[in-house]
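Undergrad: Submitted below is the structure of interest, expressed as structure tokens.
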Amino acid sequence: MKARFRSDSRSLGTRSPVFQILLLIVAGGLGAFVTASTIGGCSALGGGSAADAIVIGVASFSHETCTFCPNPTGIEEFEFYGPPLRGEEVLGDGGYVGGFVHGAAEYRGVDVVGAYAVRGARGGSSGSWITTEAFEKYSAGIVSALQEIDSLDGVYLALHGAMAVTDVPRPEAELVRRVRDGVGDIPIFVTFDLHANEDHEIAEAADGVFIIKRYPHYDAALQGERAARILIRTIRGTYEPLMVARKPNVITPSVYQGTGVSPARDIMERARRWENRERDVFVSVAFGFAYADVPDVGATVIVMTDNDQELADRIADDMSDYIWRIREEFAGKILPKTREGVELAIAAAREGRTPVVVADHSDRTGNSTHILEELIHQGGSNFCIATISDARAIEQIAAAGGAGDTVTVDVGGYADEFAGNPVPITGEIEYLGRYGQFDQVAVLAFGDNNHLILTPALHQVTMPGIFERLGLDLDNLDIVVLKSRVHFRRGFHESGLAGAIFEVDAPGLGPADLTTITYENIPKDIYPVYQR
Ligand SMILES: [Zn+2]
């Protein structure tokens, strides 16, 4: 049972504000004996003296699991870039953890101790079900690393929330319960991505939850900071978190969730409005991750108050009702399919609204050729596909020649059942070599000033810098096709660069039209899959 730490003798001991105020009065009576660190210890914001330091253990374990994708995610994938991080290394992780460390540093008398961090899995969210073996290994690793920390007062877990594990429903809540079993009843705070699939179980298992409010995910560090402040207040007894969760019963594809545009923006604005209206209230909304066939899929509202049940319920109901009310606008819209989308893009290019950005949002392996094939079919010119993931084609190109040579190669169309057909391309090698994290990428020029960037794995282009670095002039391109849902908006929409943007619903593992997916485990009345 959580929240018992409130009556723990430790929080009624030297760390209690009442005791500290008494200490101040006594010390103040003694005049000169009041030290700076004692004064610091008297303030809820200031923290305690070094001897009185509170200790917070930090761990992270994140995955966004696409259960419809072909390959399971096991230990090999999680350790492709190395074994889990331990100790200080955990705190250098940036993002949520970086924000947490930064937030905690505002307080004196707080020791933040890195425990355990599972690295990002190879293939990211193109990985399918996490194996039970991997979940057991890393949850045990997190628990034992936290147990090794002396006199632990609280735990911060940087999670994602859309983890799907074979035979472990609601894995994040399960992880929190295991941590509590392992370290005792101390406050446990969690941060999530807004793609989290969660429900009341996490609100019951954890003491505090913070979820990012922006997609692209700009506020990971900010939510880490907020988690640090409220966790520290909770440990010191100046905040008593009470959480409620609601499921509005609405599921949306990622491509509808960008918070730069309505109605996703309006939902997050409503959450911020509540946070601004009421003191010490934190309103989190996860839009959910639709490509995980799990029972807690879809939007989740989690409201945290300072032990005010009525207020928490009222806000959670308001947020949940609002999401339900705007469900058609939010979740019920229809995107153009491949042929129509390419027609729209070519027409916009002819009108001079260049560069036209086409978001091939549903391709989660990066190997799909539907839009490439349709652009060739419709006689498109001055376009660039950035990118198609095809390590095999890159190898064939490298074996056949170097920059300036002409090659013929079949590209893409095989990595998943929706990837389309391999497309034969005869073109000139414009670039062959390193790019970013990739040892080798290839760029081919073909047709009427068309270009194709090949990467060995899915590469989500979010910034326009890739074109210049690979020797391509964006000014000479009319249409660029990106394998991205929302993150591209940073470099192409928010920057004002794109003349027009079309989200095209080509066949793929992550379609916008969720009614085309065969789910087994999601609620049988969720909008819009089971009711329109
Ligand atoms: Zn996300």
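Undergrad: Identify, from the list Ile517, Ile522, the residue that is buried (at least 16 other Cβ atoms within 10 Å of the Cβ), closer than 22 Å to Cys69 by Cα and modelled with pLDDT under 95.
TA: Numbers: Ile522 fails: modelled with pLDDT under 95.
Just one listed residue meets the conditions, Ile517.
Undergrad: Conditions first: (1) surrounded by 20 or more Cβ atoms within 10 Å (Cβ to Cβ); (2) outside any helix (DSSP H, G or I). Gly491 passes all but one, so which condition is the exception?
TA: (2)
Undergrad: Looking only at region 406-418, which residues are modelled with pLDDT under 95 and not aromatic (Phe, Trp, Tyr)?
TA: Within region 406-418, Ala415, Asp416, Glu417 meet the criteria.
Undergrad: Go through Asp478, Asp505 for me and flag whichever is buried (at least 17 other Cβ atoms within 10 Å of the Cβ), over 28 Å from Ala445 (Cβ atoms), touching a Lys or Arg at 6+ places or on another chain (Cβ under 9 Å) and of a type in the set (Asp, Glu).
TA: Asp505
Undergrad: Can you confirm whether His377 is over 24 Å from Gly447 (Cβ atoms) and not polar (S, T, N, Q)?
TA: no
Undergrad: Here is a check on your reading of the model: is Ala403 surrounded by fewer than 23 Cβ atoms within 10 Å (Cβ to Cβ) and either of a type in the set (A, V, I, L, M, F, W, C) or at pLDDT 95 or above (or both)?
TA: yes
Undergrad: Between residues in region 396-415 that are without any contact (Cβ under 8 Å) to a residue 24 or more places away in the chain and residues that are among the basic types (Lys, Arg) and surrounded by 15 or more Cβ atoms within 10 Å (Cβ to Cβ), which pairs lie under 6 Å by C-beta distance while being six or more apart or on different chains?
TA: none
Undergrad: Please find, among Asp167, Asp207, Asp199, the residue that is over 22 Å from Tyr96 (Cα atoms) and of a type in the set (Asp, Glu).
TA: Asp167
Undergrad: Moving on to the next point. Which of (1) touching a Phe, Trp or Tyr at 6+ places or on another chain (Cβ under 6 Å); (2) closer than 29 Å to Ser262 by Cβ is the odd one out, the single condition His217 does not satisfy?
TA: (1)
Undergrad: Can you tell me which of (1) farther than 25 Å from Ser381 by Cβ; (2) assigned by TED's automatic domain parsing to the domain that holds Thr365 is the one Asp473 doesn't meet?
TA: Of the numbered conditions (1) farther than 25 Å from Ser381 by Cβ; (2) assigned by TED's automatic domain parsing to the domain that holds Thr365, the odd one out for Asp473 is (1).
Undergrad: Just wondering, is there one or more residues in region 91-110 that are surrounded by 18 or more Cβ atoms within 10 Å (Cβ to Cβ), touching a Leu at 6+ places or on another chain (Cβ under 9 Å), in the same structural domain as Cys69 (by TED's automatic domain parsing) and in a strand (DSSP E or B)?
TA: Looking through region 91-110, none of the residues is surrounded by 18 or more Cβ atoms within 10 Å (Cβ to Cβ), touching a Leu at 6+ places or on another chain (Cβ under 9 Å), in the same structural domain as Cys69 (by TED's automatic domain parsing) and in a strand (DSSP E or B).
Undergrad: List every residue pair whose Cβ atoms lie under 7 Å apart, where the two residues are 6 or more positions apart in sequence or sit on different chains, the first residue falls within region 380-395 and is among the polar types (S, T, N, Q), and the second residue, located anywhere, is modelled with pLDDT under 95 and part of a helix (DSSP H, G or I).
TA: Listed pairs, sorted by first residue: none to list.
Undergrad: Let me ask something else. Given the criterion touching a strand residue (DSSP E or B) at 6+ places or on another chain (Cβ under 7 Å) and surrounded by fewer than 24 Cβ atoms within 10 Å (Cβ to Cβ), identify the matching residue among Asp321, Asp360, Asp306, Asp280.
TA: When all the criteria are applied, what remains is Asp280.
Undergrad: If I ask for residues that are under 26 Å from Ser362 (Cα atoms) and at pLDDT 95 or above, which ones from region 428-437 would you list?
TA: Tyr435
Undergrad: Same structure, new question: Look at Val55 and say whether it is at pLDDT 95 or above, within 19 Å of the chain's Cα centre (by Cα), β-branched (Val, Ile, Thr) and not in a loop (DSSP other than H, G, I, E, B).
TA: Working: at pLDDT 95 or above: yes; within 19 Å of the chain's Cα centre (by Cα): no; β-branched (Val, Ile, Thr): yes; not in a loop (DSSP other than H, G, I, E, B): yes.
No: the conditions fail for Val55.
Undergrad: Scanning region 324-345 for residues that are aliphatic (A, V, I, L, M) and surrounded by fewer than 21 Cβ atoms within 10 Å (Cβ to Cβ), which turns out nearest to Glu278 (Cα to Cα)?
TA: Per the stated criteria, the residue is Ile326.
Undergrad: Another question, then. Wholly within region 208-308, which strands (runs of 3 or more DSSP E) include no fewer than the required count, namely at least 3 residues that are closer than 15 Å to Glu198 by Cβ and within 15 Å of the ligand (Cβ to nearest atom)?
TA: Qualifying strands (runs of 3 or more DSSP E): 282-286.
The values are calculated or read from the model by the stated rules, or taken from the named source; none is laboratory data. Since this is a predicted model, take the numbers as computed values, not measurements. Because the Cβ atoms are built from the backbone with ideal geometry, glycine has one as well, and the counts that use them run over all protein chains shown.
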